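Asker: Below you will find the structure I want to go over with you.
The values are calculated or read from the model by the stated rules, or taken from the named source; none is laboratory data. Every value quoted in this text rests on a predicted model; they were computed, and no experiment measured them. All Cβ positions, glycine included, derive from the backbone under ideal geometry; neighbour counts span all protein chains shown. Note: accessible area is taken over every heavy atom of the protein model, side chains too, but ligands, DNA and RNA are not part of it. Shrake-Rupley method; radii C 1.70, N 1.55, O 1.52, S 1.80 Å.
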Amino acid sequence: MPNTTSREQLLFFGDAEGAHVHAFPAAFGTASRALDVVSPGVYEGLRTFGRTRFFGLRTHLARLRESAAGFKTELAYDEEALVRTLAAAAREATQAFDAEARLRLDITADTAAALGIESNILIAASAYHGVPARIREEGARVRTAPGLRRPDPAVKSSDFIPLREAWICAHGDPEAYEHVMLSGDRMILEGTQSNLVLVRDGELYHAPRGVLPGVTVRAVIDLARAAGVVVHDRFVPVEEVSSFDEAFMTTSVRSVVPVQWIDECRFEAPGPVTRRLSSLYDELTASDAVEASDRESPRY
């Protein structure tokens, strides 16, 4: 089977010396897909700012430690080696792509022997060109995903990824930008790759528990409160979604994404609150994104 390192896809593994590019089978198509064959573990998704800087890296690393501690089997790794790997991978990937990079950082339960790698620190890198202009200007179409939930919302486990993909393949809407999961009693939880925030009368609503503790949504909620916006940590029944004025998603890669539709409910997109918080978040990432070696200094 031929191997590849395409212009906009790179796979790295890490050790004490830093990042090493590793060719992956071309049949996978993307570096992230190549990780489907390795033992499961925990992961984080990030993007670069200014090619070599990261926003929220300190918080991402803390969540990674918590996920590793809560994983079903013991996950051991050298965090300093991981950070050196991440920094080197970001430099090499953005230079190769001549663009910002999206990085999936995995810590696996065993070495990635299925790919010929004797390390459990893996990074799948792809070129990042931002959210499509149509989505930024008009908002995304989102569908609910009844019956799909994370096994443990406190652990960002890679074995959720095939569950997510299988559900979307069998039941999802191919036109949807994202799918939103519901609790057993049909409360809005989170997207399969995002957190979801609803807006009514200028106030925010976000699920208080049962969702992954998102790095970006935490920062956005902090910004909202600092700006005097009321934030409700409260569940919203899916049947009440139509009573809201705006909705937006947050992700560490895509930042703040306006939502135009959730199922058949339409919102102003981007609405005034979404635009304001998106602008504040962009200002924060511009000032708070740092090199990996300076990860302890910023707010997040």
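Asker: So which residues in the stretch 32-59 are part of a helix (DSSP H, G or I) and among the acidic types (Asp, Glu)?
Answerer: Initial filter on the stretch 32-59 (part of a helix (DSSP H, G or I)): 32-37, 57-59.
Scanning the stretch 32-59 gives a single hit, Asp36.
Asker: With the structure loaded, tell me whether Val197 is in contact with a Gly (Cβ under 7 Å, 6 or more places away or on another chain), touching a residue at least 12 places away in the same chain (Cβ under 8 Å), in a strand (DSSP E or B) and crowded, with 23+ Cβ neighbours inside 10 Å or whether it fails that test. If you could, list the steps in order and put the result at the bottom.
Answerer: Values: in contact with a Gly (Cβ under 7 Å, 6 or more places away or on another chain): no; touching a residue at least 12 places away in the same chain (Cβ under 8 Å): yes; in a strand (DSSP E or B): yes; crowded, with 23+ Cβ neighbours inside 10 Å: yes.
Spelling it out, it is not the case that Val197 is in contact with a Gly (Cβ under 7 Å, 6 or more places away or on another chain), touching a residue at least 12 places away in the same chain (Cβ under 8 Å), in a strand (DSSP E or B) and crowded, with 23+ Cβ neighbours inside 10 Å.
Asker: Only one of Arg254, Arg218, Arg299 is modelled with pLDDT under 95, under 20 Å from the mean Cα position of the chain (by Cα) and not acidic (Asp, Glu). Can you tell me which?
Answerer: On the way: Arg254 fails: modelled with pLDDT under 95; Arg218 fails: modelled with pLDDT under 95.
Only one candidate qualifies: Arg299.
Asker: Further question: Being open to solvent by 60 Å² or more (accessible area, probe 1.4 Å), of a type outside the set (Phe, Trp, Tyr) and not in a loop (DSSP other than H, G, I, E, B) narrows it down to one of Ala62, Ala27, Ala19, so name that one. Full working, then the answer.
Answerer: Values: Ala62 fails: open to solvent by 60 Å² or more (accessible area, probe 1.4 Å); Ala19 fails: open to solvent by 60 Å² or more (accessible area, probe 1.4 Å).
Answer to the selection: Ala27.
Asker: Val37 passes all but one of (1) open to solvent by 50 Å² or more (accessible area, probe 1.4 Å); (2) touching an Asp or Glu at 6+ places or on another chain (Cβ under 9 Å); which number fails?
Answerer: Unmet for Val37, out of (1) open to solvent by 50 Å² or more (accessible area, probe 1.4 Å); (2) touching an Asp or Glu at 6+ places or on another chain (Cβ under 9 Å): (2).
Asker: Could you list, in sequence order, the residues of the stretch 200-211 that are touching a strand residue (DSSP E or B) at 6+ places or on another chain (Cβ under 6 Å), surrounded by 13 or more Cβ atoms within 10 Å (Cβ to Cβ) and either farther than 17 Å from Tyr281 by Cβ or free of Cβ contacts under 8 Å to residues at least 40 places away in the same chain (or both)? I'd like the intermediate steps shown before the answer.
Answerer: Taking the stretch 200-211 and keeping what is touching a strand residue (DSSP E or B) at 6+ places or on another chain (Cβ under 6 Å), we get 204-208, 210-211.
Narrowing further to those that are surrounded by 13 or more Cβ atoms within 10 Å (Cβ to Cβ): 204-207, 210-211.
Answer for the stretch 200-211, where residues must be touching a strand residue (DSSP E or B) at 6+ places or on another chain (Cβ under 6 Å), surrounded by 13 or more Cβ atoms within 10 Å (Cβ to Cβ) and either farther than 17 Å from Tyr281 by Cβ or free of Cβ contacts under 8 Å to residues at least 40 places away in the same chain (or both): Tyr205, His206, Ala207, Gly210, Val211.
Asker: Using beta carbons and a limit of 9 Å, which pairs, at least six apart or on different chains, have the first residue in the stretch 151-165 and free of Cβ contacts under 8 Å to residues at least 24 places away in the same chain and the second one open to solvent by less than 40 Å² (accessible area, probe 1.4 Å) and outside any loop (DSSP other than H, G, I, E, B)?
Answerer: Pro151/Ser157; Pro151/Phe160
Asker: Give me a count of the residues in the stretch 249-297 that are touching a helix residue (DSSP H, G or I) at 6+ places or on another chain (Cβ under 6 Å) and basic (Lys, Arg).
Answerer: Of the residues in that region, 1 qualify.
Asker: Here's something else I'd like to know. Would you say Arg143 is surrounded by fewer than 15 Cβ atoms within 10 Å (Cβ to Cβ) and either modelled with pLDDT of 95 or more or part of a strand (DSSP E or B) (or both)? So that I can check it myself, show each step before the final result.
Answerer: On the way: surrounded by fewer than 15 Cβ atoms within 10 Å (Cβ to Cβ): no; either modelled with pLDDT of 95 or more or part of a strand (DSSP E or B) (or both): yes.
So Arg143 does not fit the description; no.
Asker: Determine whether the stretch 93-115 contains at least one residue that is at positive phi and over 17 Å from the mean Cα position of the chain (by Cα).
Answerer: We begin by selecting, within the stretch 93-115, every residue at positive phi; these are 98.
Cutting the leftovers down to over 17 Å from the mean Cα position of the chain (by Cα) gives us 98.
Yes, some residue in the stretch 93-115 is at positive phi and over 17 Å from the mean Cα position of the chain (by Cα).
Asker: Tell me which residues, restricted to the stretch 119-140, are over 18 Å from Ala101 (Cα atoms), open to solvent by 60 Å² or more (accessible area, probe 1.4 Å) and touching a strand residue (DSSP E or B) at 6+ places or on another chain (Cβ under 8 Å).
Answerer: Arg136, Glu138
Asker: In addition: Which ones in the stretch 236-271 are in contact with a strand residue (DSSP E or B) (Cβ under 8 Å, 6 or more places away or on another chain), more than 23 Å from Phe54 (Cα to Cα) and without any contact (Cβ under 8 Å) to a residue 60 or more places away in the chain?
Answerer: Of everything in the stretch 236-271, those that are in contact with a strand residue (DSSP E or B) (Cβ under 8 Å, 6 or more places away or on another chain), more than 23 Å from Phe54 (Cα to Cα) and without any contact (Cβ under 8 Å) to a residue 60 or more places away in the chain turn out to be Val236, Pro237, Val241, Ser242, Ser243, Phe244, Asp245, Glu246, Arg266, Glu268.
Asker: Got a sec? Which of Ala76, Ala99, Ala114, Ala81 is of a type in the set (Gly, Ala, Ser) and either within 21 Å of Asn195 (Cα to Cα) or modelled with pLDDT of 95 or more (or both)? Spell out how you get there, then give the answer.
Answerer: Details: Ala76 fails: either within 21 Å of Asn195 (Cα to Cα) or modelled with pLDDT of 95 or more (or both); Ala114 fails: either within 21 Å of Asn195 (Cα to Cα) or modelled with pLDDT of 95 or more (or both); Ala81 fails: either within 21 Å of Asn195 (Cα to Cα) or modelled with pLDDT of 95 or more (or both).
Every option except Ala99 fails the conditions.
Asker: Just to be sure, is Ala62 at pLDDT 95 or above, under 13 Å from Arg295 (Cβ atoms) and touching a Ser or Thr at 6+ places or on another chain (Cβ under 9 Å)?
Answerer: Numbers: at pLDDT 95 or above: yes; under 13 Å from Arg295 (Cβ atoms): yes; touching a Ser or Thr at 6+ places or on another chain (Cβ under 9 Å): no.
Against the criterion (at pLDDT 95 or above, under 13 Å from Arg295 (Cβ atoms) and touching a Ser or Thr at 6+ places or on another chain (Cβ under 9 Å)), Ala62 does not qualify.
Asker: Going through the stretch 146-161 one residue at a time, which ones are of a type in the set (A, V, I, L, M, F, W, C), open to solvent by 20 Å² or more (accessible area, probe 1.4 Å) and modelled with pLDDT of 95 or more?
Answerer: Filtering the stretch 146-161 for residues of a type in the set (A, V, I, L, M, F, W, C) gives 148, 154-155, 160-161.
Those still in the list that are open to solvent by 20 Å² or more (accessible area, probe 1.4 Å) too: 154.
Hits for the stretch 146-161: nothing passes.
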